[in-house]
Amino acid sequence: QVQLVESGGGLVQTGGSLRLSCTASGRTFSSYAMGWFRQAPGKEREFAAAIHWSAGTTYYADSVKGRFTISRDNAKNMVYLQMNRLKPEDTAVYYCAAGTQAFYYNFRASHSYASWGQGTQVTVSS
């Protein structure tokens with residue numbers, strides 16, 4: 001069990017950047033694979049990025065690849081999402097999540113994650 005809190009969202013113009021942070025509490029944070037998901041109003045939650053707990057291997061949705069970077073600092077119980085060259089279609093509530101063992105079979109699926117933060121709003125204006 002891990003508790004997660006996101007921060008760093010805000011309002012930016014097209015082409016701008018934001019860095020989201022996720023602070024974790026609870027034991028053995030470093031044992032969890034971590035993911036970032038996003039959800040726009042009226043839309044289903046969709047996968048954005050994920051990172052393996054041990055090797056630092058990262059995964060990205062095609063829609064964000066080349067623009068977003070996921071990273072983690074296990075010593076600080078933190079995971080980050082650096083978002084560059086933002087587009088209006090990136091507007092959503094962004095959630096961090098801690099993966100279960102199912103992560104290693106399907107890291108793009110919401111049901112492969114057990115703990116979720118409350119979300120942070122990202123709005124990109126044109």
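Of all residues in region 30-46, how many are in contact with a helix residue (DSSP H, G or I) (Cβ under 7 Å, 6 or more places away or on another chain), within 19 Å of Thr120 (Cβ to Cβ) and outside any loop (DSSP other than H, G, I, E, B)? Of the residues in that region, 1 qualify.
Here is the figure for region 64-76: residues that are touching a strand residue (DSSP E or B) at 6+ places or on another chain (Cβ under 7 Å), open to solvent by 50 Å² or more (accessible area, probe 1.4 Å) and in a loop (DSSP other than H, G, I, E, B) total 0. Out of all the residues in region 96-119, is one or more among the β-branched types (Val, Ile, Thr), crowded, with 17+ Cβ neighbours inside 10 Å and either modelled with pLDDT of 95 or more or on the phi < 0 side of the Ramachandran plot (or both)? Looking through region 96-119, none of the residues is among the β-branched types (Val, Ile, Thr), crowded, with 17+ Cβ neighbours inside 10 Å and either modelled with pLDDT of 95 or more or on the phi < 0 side of the Ramachandran plot (or both). Taking the listed residues Ala33, Ala40, the one that is out of contact with any Leu (no Cβ under 7 Å at 6 or more places or on another chain), of a type outside the set (D, E, K, R) and surrounded by fewer than 22 Cβ atoms within 10 Å (Cβ to Cβ) is Ala40, with no other qualifying. Based on what the data block shows, is Ser71 of a type outside the set (A, V, I, L, M) and either touching a Ser or Thr at 6+ places or on another chain (Cβ under 6 Å) or closer than 29 Å to Ser126 by Cβ (or both)? Criteria met by Ser71.
The values are calculated or read from the model by the stated rules, or taken from the named source; none is laboratory data. Only a predicted model underlies this, so the values are computations on that prediction, with no experimental measurement involved. No Cβ is skipped: glycine too gets one built from the backbone with ideal geometry, and neighbour counts run over all protein chains shown. Side chains included, ligands, DNA and RNA excluded: accessible areas come from the protein's heavy atoms. Shrake-Rupley method; radii C 1.70, N 1.55, O 1.52, S 1.80 Å.
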